[in-house]
Amino acid sequence: MSGVRSVLAGRLAAVGLAVLIALSCAALWRSAQQEAAAPVRVQDVAASLRCPDCQTASAAESSSPLAQAMRAEIGRRLALGWSADRIRDYFQERYGPWILRSPPAEGLSLGAWALPVAVLAAGCLPLARRLRRARGAAATTGPTTPAPARHGDSTAERSQEPENATWQARGGARGRVRGAGWVAALLSLACGGGVLAAALAGGPSPSPPADPARDDARQPDAGGYLARGRALQAAGDAEQAVLAFEAAAALRPDDRAPRYLLGFALVKAGRAAEAVTLLRPLRARHPDDPDLLLVLGTAELTADPPAGRRTLARFLSLAPEGHPAVPEVRRLLEGNPR
C-alpha cells in the first residue's frame, strides 16, 4: 500500500509541476501581449506591409518614394489614434491582401499556437486514466496482512522476503523515474510547440535585404507617379492619389506641379487643412503664381473661408486670359456656383 501511495504522490507532484509551468507560460504570454499593445511605431506597421513598387521589400525597408509616402501616411493615421490593425485594413482595402506581409493566425500558424495545448491535453488524459486505475486497485485490494508462517516453511523461502521487498521498492522507484521522464518529455513537446508557434505566428517573416539597384529599376519615375495619381483621382480614390502625388513630389523637389496636384487630392480626400499647410510656404516664395493661388484658395475655402475668398480674389486678378477656372471661381465668389 505504501508503494502505491508513493507512486501516486510522485505522479500527482509531476502533474502539479506541469500545471504550474503551464500557468507560468500563460502569464508570460499575457504579459507579452500587454507589451505588444503598447503604442506602435511607424516602422512596426510599415514592416508588415509590402512596398507596391519593389514587392520584395517591406514599406519600412524600401527607399521608394511611394514607400516613403506610405510611411508618412501611417504616421499621420497613428497620430489620429488609428490602431495598427486598422491601418493595415486600410491599405488592404486599396491594394488587396497581397499588400500584407503578416498573414492572419489561421491554417499552419493557428495550428502551431494550438500545438502546446493539444500536447498537454493529450498527455494529461492517459495520466489521469492511470491514476484512476491505481486508485481503484488500491481500494479493491485493501490492506494486506502477512500470512502466518507454516511450520514447514524453509529457511530459504523466508530469506527471499527481504529480497522481494527490495525488488518491489526498486520497481516503484523505476516507475517514478519513468513517470518523471514521461512528464519531462510532455513538457519538452509543449515548449517546442510554443517555440514553433512563435516562429510561425510571431510576426512578419524576415525578407532578404533590399537591393537598391534592382529597386530603382522597378520604381516608376515622377511622370509615372503623376499618371498613377491622376488615374486614381479619376477613379474616385483620392487617398491613394495622395500617396502617388507625394511620391512624385519627393522625386521632383523643385517642381511645383506635383505639389499643386497633391493639394487638390488632399482637398478631395477631405484633408483641406493639410493642403493649406503644404501650400502656404510655397505662396511666400511664389506670391504671384495663379495656379498656386487657385489650389490654395480652394483648400482655404474649407479650412479658412475668409482667407480662401481673399486668395481666390487674388487669383482672378493674376490669372491669364482664357484660364479655364476663371468663370467658375468668379461665380463662386459671387455666391452663384454651379
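Applying 0.36 nm per residue to the separation of Arg41 and Ser83 and subtracting their alpha-carbon distance, the gain on full extension is 14.1 nm. For Arg94 and Ser63, the FRET efficiency from 1/(1 + (r/R0)^6), where r spans their Cβ atoms and R0 equals 22 Å, is about 0.50.
Stretch Thr277-Arg330 to full length: gain in nm at 0.36 nm per residue minus the Cα-Cα span? Before the final figure, lay out each step's value.
Working: separation 53, 0.36 × 53 = 19.08 nm, distance 2.47 nm.
Contour length minus Cα-Cα distance gives 16.6 nm.
All other residues with a Cβ under 13 Å from the Cβ of Leu232 taken together, and with Lys, Arg as +1 and Asp, Glu as -1, what is their net charge? Don't skip to the answer; put the middle values down first.
Values: positive: Arg94, Arg228, Arg230, Lys268; negative: Asp237, Glu239, Glu246.
Its environment carries a net charge of +1.
Were the residues from Ala227 through His323 laid out at 0.36 nm apart, the gain over their Cα-Cα distance would be 32.3 nm.
How large is the Kirkwood hydrodynamic radius of segment 39-99, in angstrom, based on all distinct alpha carbon pairs? Intermediate values should be presented prior to the final figure.
Details: mean 1/r = 0.0892 Å⁻¹.
When all Cα pairs of segment 39-99 are included, the Kirkwood radius is 11.2 Å.
Scaled against the 2.2 N^0.38 Å expected of a compact globular protein of N residues, the Cα radius of gyration of segment 213-333 reads 1.10.
Where a number appears in this text, it was derived from the coordinates with a stated rule and is not lab data. Remember, it's a predicted structure, so these values are computed and weren't measured experimentally. Heads up, the Cβs are rebuilt from the backbone with ideal geometry, glycines too, and the neighbour counts pull from every protein chain shown.
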